[in-house]
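Notes to accompany the following structure.
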Amino acid sequence: MSTVESTAETLRTPPAGQQHGGHHQPQPGEHGWTQTGVSNEKLGMWVFLGSECLLFGGLISTYLLYKHTAVQGPRPHDLYDIPFTSVSSFVLLMSSMTMVLALAALQRGDHHRTRVWLVTTALLGATFISGQVYEFMSFVKEGMGYTTNTASSAFFTLTGFHGVHVSIGIVMLLSLFVMSLRGRLPQEKSEVVEIVGLYWHFVDIVWILIFTVVYLIP
Amino acid sequence: MSTPTTELPRVEHEHTHPSDAQYMLIALFLAVVTGAEVALYYVNMDFLPYAILLSILMVVKFSTVVMFFMHLRFDSRLFRWVFVSGLVLAVIVYMVVLLTFHVFNGRV
C-alpha cells in the first residue's frame, strides 16, 4: 500500500478514542468533520470576532484622532449624558447574563426557559438600541449632526457601527426564538445558541471599551 | 521526503461551566464595577490616575465577560489563541497609529 493510500485509510478510520458510545463520528468530507479537534463553526466565529477587533480598533482610534479637532459646532463630549449612557451600558451588560442563561437552559434541555431568556436578551438589546436612537436624536437637536465636524462624524460612525451589530444580534436572537418555537432547536443543537451568544457577548465587550474610552475618559 | 503525518487530533473536551447562580453573581460583579466606573467620573481627580483606574476597571470587565460568559476560560486553547491574536494585533497596530499622530501628547 502506498503512503498516500495508507494516509487515506487512516483518515477514514476514526481514532480509538472517538469510537466509543456507539456514536457515529463524522468522517472526512462529512458535515461535522474537524481536523483541529474543535468545532469548525465555533472556530469560524472566533476567527470572525478576532477580525472584528481590528474593525472596532480602527473606528475607536479614528474617534480618538478626531475628537479634539472640531472647529465648528458642539463636540460629542460637550453633549454626553453620562447617567443615561450608564443605564444603557448596564442594560447591555445584563443582556450578556440573560444570553448565557439561555444557553445554559438549552444545554439542560429546558426549552421554556431558553425561549424566555432569548426573548429577554432581545428585549434588553432593543432597549439599548432605543436609548442609542434617543441619544442620536438629542445630539442632532443640540446641533451636532453627522457632518457637523470631524469629531461628530467619527463618533456617529463608531457608535452607529456598534448599533448595527447589536441590531443584527437581535435579529439572530429572534430567529433562534422562532426556531425554538417550531421545535427546530433541540438540545443537541445548543452550539448554534453558543455561537450566536459569542457574537452577542462580543458586542457587549466592544461597548465596555466604547463606554470607557469614548464616554468616560475626557 | 518526509512521510505525511497520519496522526489525527484528539477531541478536546469542555470543562464544567458555571451554574446559573454563578452567572448571576458574575453579572452582579460586572454591575458593581460599572457603578464604580461611573462613580469615578464624578470624583475630582487628576487625569492620569483617573485614566489608569478607568482602564484597569475596563480590562477587568472585558476579561470577566470573555472568560466566563464567552467560556474562553473553559474552552479550547485554540479559540483563546485565535481571539487574543486578533486583539493583540489590533492593539499594537492602533497604538502605533495613535503614537504616530501624537494623540497622547494632545498634538494632533
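Laboratory data are not the source of any read-out in this text; all were calculated from the coordinates shown. Treat the numbers as computed from the prediction; the structure is a model and nothing was measured. Cβ coordinates were reconstructed from backbone atoms using ideal geometry, including for glycine residues, and neighbour counts include every protein chain displayed.
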Q | Long-range neighbours under 9 Å by Cβ, at least six apart or interchain, first residue outside any helix (DSSP H, G or I) within segment A:37-48, second among the small types (Gly, Ala, Ser) | A | A:37/B:76; A:38/B:76; A:39/A:32; A:39/B:76
Q | Search result, residues across segment B:60-86 that are farther than 17 Å from residue A:200 by Cα, of a type in the set (A, V, I, L, M) and within 9 Å of chain A (Cβ to nearest Cβ) | A | B:78, B:82, B:84
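Listed here are the residues, each with its yes/no results for (1) of a type outside the set (A, V, I, L, M, F, W, C); (2) surrounded by 15 or more Cβ atoms within 10 Å (Cβ to Cβ); (3) under 30 Å from residue A:38 (Cβ atoms); (4) more than 14 Å from the chain's Cα centre (by Cα).
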{"site": "B:22", "(1), (2), (3), (4)": "yes, no, yes, yes"}
{"site": "B:29", "(1), (2), (3), (4)": "no, no, yes, yes"}
{"site": "B:33", "(1), (2), (3), (4)": "no, yes, no, yes"}
{"site": "B:37", "(1), (2), (3), (4)": "yes, yes, no, yes"}
{"site": "B:43", "(1), (2), (3), (4)": "no, no, no, yes"}
{"site": "B:50", "(1), (2), (3), (4)": "yes, yes, no, yes"}
{"site": "B:58", "(1), (2), (3), (4)": "no, yes, yes, no"}
{"site": "B:65", "(1), (2), (3), (4)": "no, yes, yes, no"}
{"site": "B:77", "(1), (2), (3), (4)": "yes, no, yes, yes"}
Q) Which one is surrounded by the most Cβ atoms within 10 Å (Cβ to Cβ) among residues in segment A:48-69 that are polar (S, T, N, Q) and either more than 7 Å from chain B (Cβ to nearest Cβ) or more than 17 Å from the chain's Cα centre (by Cα) (or both)? A) A:61
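The rows are residues; the columns are (1) farther than 24 Å from residue A:194 by Cβ; (2) more than 14 Å from chain B (Cβ to nearest Cβ); (3) not hydrophobic (A, V, I, L, M, F, W, C).
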site	(1), (2), (3)
A:92	no, no, no
A:118	no, yes, no
A:121	no, no, yes
A:134	yes, yes, yes
A:150	yes, no, yes
Q: Hey, could you check segment A:181-218 for residues that are among the charged types (D, E, K, R) and at the interface with chain B (Cβ under 9 Å from one of its Cβ atoms) and say which is surrounded by the most Cβ atoms within 10 Å (Cβ to Cβ)?
A: A:204
